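Note sheet for the following structure.
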Amino acid sequence: MKRSALLRERFSVLRASFIPLPLLEVCSMMDSAMISKIMKAKRYADERDRMEFSSFTVVFKGNHRDHTVTYENGTWHCTCDFFAQRGICSHTMAMEKVLEGMLPEESIQEFETAAA
């Protein structure tokens, strides 16, 4: 297959994938190796179970002040007062929800809800 035909074929695959139109224009100027990497990135993004976080830091922008959440080797920490009292807070629970399926099972925080 001629190089131009191959690039047209890959370009049509990219158009049907997740790549926004302005980026597609840039892709038409890229070589086939870059196009392959973009397609691989799409596949990785769709296969979230292949990723597992081991550490990160997130800053929550609050109405009154910011709070920093850290996660290091399965252990959560937050700078908010509620976390200092209970070892769990809305900020860490929100991060668990955002990263659902991407954290080791042993790092999922357990908490009891108050009986109504």
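Any read-out appearing in this document is the output of simple, stated calculations on the displayed coordinates, not a laboratory observation. Computed from a prediction, not measured in an experiment: that's the story for all the values here. Quick reminder, even Gly has a Cβ in these numbers, built from the backbone with ideal geometry, and neighbours come from all protein chains shown.
A convex hull fitted to the Cα coordinates of region 55-107 yields 72 cubic angstrom per residue.
Distance between the pseudo-spin-label points of Val98 and Lys61 (7 Å out from Cα toward the beta carbon): 1.2 nm.
Fully extending the segment from Ser54 to Thr68, taken as 0.36 nm per residue of separation minus the present Cα-Cα distance, adds 3.4 nm. Derived value for region 28-85: Kirkwood hydrodynamic radius 14.8 Å. Basis is the mean of 1/r over every pair of different alpha-carbon atoms.
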